[in-house]
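What follows draws every value from the coordinates through simple rules; no lab data is involved. It should be emphasised that the depicted structure is a prediction, and the values quoted were computed from it without experimental measurement. Neighbour counts run over all protein chains shown; Cβ positions are idealised from the backbone, glycine included.
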Amino acid sequence: MFQKASVSSFTAIAHPNIAFIKYWGNRDDALRLPANGSISMNLAELTTQTSVSLDPDLQRDKLVLNGQPEQGAALTRVSTFLELVRNAAGSRSFALVESRNDFPTGAGIASSASAFAALALAASAAYGLELSEKDLSRLARRGSGSACRSVPDGFTEWQAGTSDQDSFATSIAPADHWQLMDVITVIHSGEKKAGSTEGHHLAATSPVQAARVADAPRRLDDCRQAIFAKDFERLAFVIEQDSNLLHAIMMTSHPALYYWRGATMEVINSVRGWREQGIPCAFTIDAGPNVHVVCPADTAERVENQLREIPGVESVLVSGVGGAARLLVD
Ligand code: DP6
């Protein structure tokens with residue numbers, strides 16, 4: 001699978017993504033093999049840029065996030081990931097990892113997807129591995145499941161697979177296929193109580209998870225067809241249904257996870273009301289209180305302005321469909 005090339009310092013950029021059909025729960029936590037497949041869209045206006053520099057003098061890996069040296073859990077997660085790359089490359093050199101998000105870290109937008117997609121690309125290049133897009137997606141998955149979907153271009157689908165070999169994401173439509181926007185409505189920008197990794201562990205404790213997973217192929221098919229046909233009405237129904245199923249699992253896990261705040265429900269009600277009035281828009285919510293309002297590009301400004309009027313909305317970010325993870329060449 002891996003071929004050696006030259007070894008030095010490389011920089012990659014990747015976009016986070018918003019899932020239309022969500023990943024929640026693993027059949028194998030260590031390998032991050034998901035309970036079900038998922039579909040997402042990369043977010044063009046949000047970017048993580050990561051450099052990996054090998055240094056034979058380092059006694060351990062070093063991580064600098066947005067200019068701040070990191071220790072503890074964040075460094076351990078990155079170092080565990082780099083160990084995978086080192087083992088594949090047959091290298092013992094430690095690395096300096098410098099990563100920067102151009103979106104507010106406190107805005108409650110999951111950055112692990114863009115972080116591990118960019119790290120997988122920069123690290124594999126620095127350690128001299130030449131990976132296909134498929135193998136890069138597989139590698140990114142080991143750092144954060146959703147990161148495998150930030151490797152390919154545009155609208156991407158992660159096929160759950162049954163092993164490390166066949167669990168990866170591919171592009172189902174390029175970024176310019178459909179001018180959709182994600183109007184990200186920030187309701188609370190603080191740290192969340194339970195992260196996704198912890199949530200995945202709890203998914204199986206919900207009696208609803210089996211039904212959600214069993215129905216996933218139907219939702220995936222519906223979402224894929226809606227994207228192919230640029231059928232917004234069909235997309236709106238399936239992404240809201242999928243998001244509600246995700247939160248049904250969270251709320252019925254043991255212990256239960258509640259991510260919504262009052263303003264989350266206000267935004268949901270507003271979006272449903274606007275759609276009844278003929279404005280195409282739909283909501284989807286990840287592991288947090290913030291609401292991603294998806295709409296065609298020509299509706300985004302109106303939706304953004306209306307969202308800003310809702311009490312409890314802290315800020316709004318708007319993004320179109322983003323491309324694949326890529327290396328920056330000096
Ligand atoms: C609700 O990919 O962040 O955003 O693999 O533990 O890093 P880890 O989890 P992560 O989970 C994402 C959960 C989600 C849904 C999704 O993006 O599909």
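How large is the Kirkwood hydrodynamic radius of region 8-327, in angstrom, based on all distinct alpha carbon pairs?
Evaluated over region 8-327, this radius sits at 19.7 Å.
Please give the contour-minus-distance gain from Phe228 to Ala210: 0.36 nm per residue of separation, less the Cα-Cα distance, rounded to one decimal in nm.
That pair, Phe228 and Ala210, stretches by 3.7 nm at full extension.
Which of the chymotrypsin sites (Phe, Trp or Tyr not before Pro) across region 246-330 are loop residues per DSSP, with 14 or fewer other Cβ within 10 Å?
For chymotrypsin sites (Phe, Trp or Tyr not before Pro) across region 246-330 that sit outside H, G, I, E and B with at most 14 neighbouring Cβ atoms in 10 Å, the list reads Tyr258.
GNM, the chain, Cα, under 10 Å: largest mean-square fluctuation among Asp176, Asp28, Asp57?
Highest fluctuation among the options: Asp57.
Neighbouring Cβ atoms within 10 Å as the yardstick, rank Lys230, Lys22 fewest first.
So the ranking, lowest neighbour count to highest, is Lys230, Lys22.
Net charge within 11 Å of Thr185 by Cβ-Cβ distance, Lys/Arg positive one each and Asp/Glu negative one each, not counting Thr185 itself?
-3
Determine the shape class of region 159-231: with a ≥ b ≥ c the square roots of the Cα gyration tensor eigenvalues, call it rounded for a/c under 1.5, and otherwise prolate if a/b is greater than b/c, oblate otherwise.
Oblate, because a/c is 1.5 or more while a/b does not exceed b/c.
Let me know the number of lysine pairs in the chain closer than 28 Å at the Cα, not counting same-chain pairs under 8 apart.
Here the count comes out as 10.
Considering only DSSP states other than H, G, I, E and B, which trypsin sites (Lys or Arg not before Pro) in region 69-159 qualify as loop sites with at most 11 other Cβ atoms within 10 Å?
Hits after loop and neighbour filter: Arg92.
Once the convex hull of the alpha carbons of region 73-203 is built, what does its volume come to per residue, in cubic angstrom?
About 141 Å³ per residue, rounded to a whole number.
Using Cβ counts within 10 Å as a stand-in for footprinting exposure, how do Met41, Met250, Met181 rank, fewest first?
Sorted ascending by nearby Cβ count, the order is Met250, Met181, Met41.
Using Cβ counts within 10 Å as a stand-in for footprinting exposure, how do His201, His15 rank, fewest first?
His201, His15
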